[in-house]
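Have a look at the structure below before the remarks.
No lab work stands behind these numbers, since they all come straight from the coordinates. On a predicted model such as this, the values are computed, not experimentally measured, just so you know. Here Cβ is always computed from backbone atoms with ideal geometry, including for glycine, and neighbour counts include all displayed protein chains.
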Amino acid sequence: MAAPRAGFGLPTRVLHWVMAFGILGTFALGAYVARMEVGLGNLWLFGLHKTIGAVLLALAMARIVWHGIAPPPGPLPGPPEWQMTLARAAHRALYALMLGVPVSGWARASASGLDVVIFGRLTLPAIAPASPAVEDALALLHRGLAWGFLAVILLHVAGALKRAIGARDGTLRRMLRG
Amino acid sequence: MRRRTFLTTLSAAAGVLCTAPAIAAARHYSLDTTQSTVGFETDFGPDKITGSMPVIRADLAIDFRNLAASSVSVALDATAARASFPFAAQALKGPRVLDAATYPSVTFESRAVRREGDEAGIDGLLTIRGVTRPATLHAAIYRQAGTDPGDLSRLTIHLTGALRRSDFGATGWSDLVGDEVRIRIVARIAQVA
Ligand code: HEM
Ligand code: HEM
């Protein structure tokens, strides 16, 4: 196994920021489509949400594989131990949700009994039985996980900003510039 | 799509009635499936979803002298239903709406035919998803272009009606798609006997 590097490599940083914007955008789009008045003119937004969500699922898997190849560095020292533990737990939760949120969305869409189409033409296989009861349960799961994701992201961002603005210890800088 | 079509009826445009030669009994007609459509329409947010279903079978008998002796029996192919966009067609045929895999046809059998001014009212039994409910269609008969007044051998019938899909248990996507389904049928028929 390669020795952990001193900083974040370019692939790790690009993945982090592309996915961060992608996830927040997909969250906003999901929350919007779930509440809009659906008609012919905006039906495509469901497809957009699924398409970007599926791309994010693929990127999350690529990110996990990449971290196996090039492990990210450990945290910069400074904060008390409980904060370090919290940050580690938050990172683990973020990975679980990077997989769990899109998979639950895919399952929820499958349970509708309609084809799950991404990029306007690619039909994903159904990963849940077509049933209104299953769809309702999975809709609740996808919604719950998505909002839980937002909560963990806010905690994560608060921690990053605390170190960037409060401690000024270079944590944010090394995720931005390496 | 050549087979879209169907239902029908009888009715009597007053003009047709007056100029009709004396007719002893009901005339039987066959449906020109290539020139007829069984269409429907429902609300989808600010828009509409339209669609159609092909006719499997249509038996029509019209007695212009005595409308009440007329009858109509029609079967539609639910498995070949079409809708204005792909998701709607899939949803329509799927288990939450028509459940075409279990109930491949939609049928209408007239029970009573009445005159309604220039038009006819057809009370009958509509079966969707295996659930049978009373339904009424309103029919207006027209002479086809190029035929002589009084020629009853080829006619065009416009039928309209509405149903509530929830009455038949076809409740899928009721949060997005309207409950009322409006039916619009253009039937071009030719006399066979
Ligand atoms: C990182 C990826 C994703 C995020 C952050 C996300 C987020 C969300 C959010 C916030 C909602 C609205 C929940 C609410 O009601 O408040 C939602 C709804 C939904 N998502 Fe996702 N989603 C993701 C991926 C996916 C994927 C991959 C699919 C399907 C292939 C999907 C399918 C859906 C569907 C069908 C809805 C329901 C819309 C409605 O209520 O009609 N999502 N998503
Ligand atoms: C959807 C949003 C986000 C997710 C899923 C996410 C996920 C992660 C994960 C998993 C790590 C650990 C390193 C890795 O495994 O790649 C990390 C590190 C980091 N993130 Fe985020 N992040 C998000 C948004 C943000 C935002 C908006 C900021 C900035 C305000 C931020 C700042 C940081 C910083 C500074 C690190 C480095 C921590 C260290 O030095 O140990 N993240 N992020």
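Quick look at the values:
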{"quantity": "Förster radius 25 Å - calculated FRET efficiency between A:Ala96 and A:Ala167, Cβ distance, rounded to 0.05", "calculated": "0.35"}
{"quantity": "Fewest-first ranking of B:Val113, B:Val38, A:Val38, using other Cβ atoms within 10 Å as the exposure measure", "calculated": "A:Val38, B:Val113, B:Val38"}
{"quantity": "Computed lengthening from A:Leu40 to A:Met84, 0.36 nm per intervening residue step minus Cα-Cα distance", "calculated": "10.9 nm"}
{"quantity": "Cα pair distances in the protein assembly as shown, grouped into 10 Å bins until the bin that holds the longest one, percent each", "calculated": "5, 19, 21, 15, 12, 10, 8, 6, 4, 1, 0"}
{"quantity": "Around A:Ala87: net Lys/Arg minus Asp/Glu count, Cβ-Cβ under 15 Å", "calculated": "+3"}
{"quantity": "At R0 = 25 Å, FRET efficiency that the Cβ-Cβ distance of A:Thr123 and A:Leu155 yields, to 0.05", "calculated": "0.10"}
{"quantity": "Amide H partners (placed H, <5 Å) of B:Glu116, local residues excluded", "calculated": "B:Gly121"}
{"quantity": "Burial ordering of B:Ser71, A:Ser112, fewest other beta-carbon atoms within 10 Å first", "calculated": "B:Ser71, A:Ser112"}
{"quantity": "Whole-Hz ³J(HN,Hα) from phi, Karplus 6.51 cos²θ - 1.76 cosθ + 1.60, for the range A:68-81, glycine and proline x", "calculated": "x, 6, 10, x, x, x, x, x, 5, x, x, x, x, 4"}
{"quantity": "Distance between modelled label sites at B:Gln144 and B:Gln191, nm, 7 Å Cα→Cβ extension", "calculated": "1.3 nm"}
{"quantity": "Cα-based Rg / Dmax (Å) for the range B:2-191", "calculated": "16.7, 53"}
{"quantity": "Trypsin sites (Lys or Arg not before Pro), loop per DSSP, at most 16 other Cβ atoms within 10 Å - longest free stretch of chain A", "calculated": "A:36-120"}
{"quantity": "In nm, spacing of pseudo-spin labels at B:Arg65 and A:Leu176 (7 Å Cα→C-beta vector)", "calculated": "9.6 nm"}
{"quantity": "Sites B:Ala89 and B:Arg154, calculated FRET efficiency, Cβ-Cβ separation with R0 35 Å, nearest 0.05", "calculated": "0.60"}
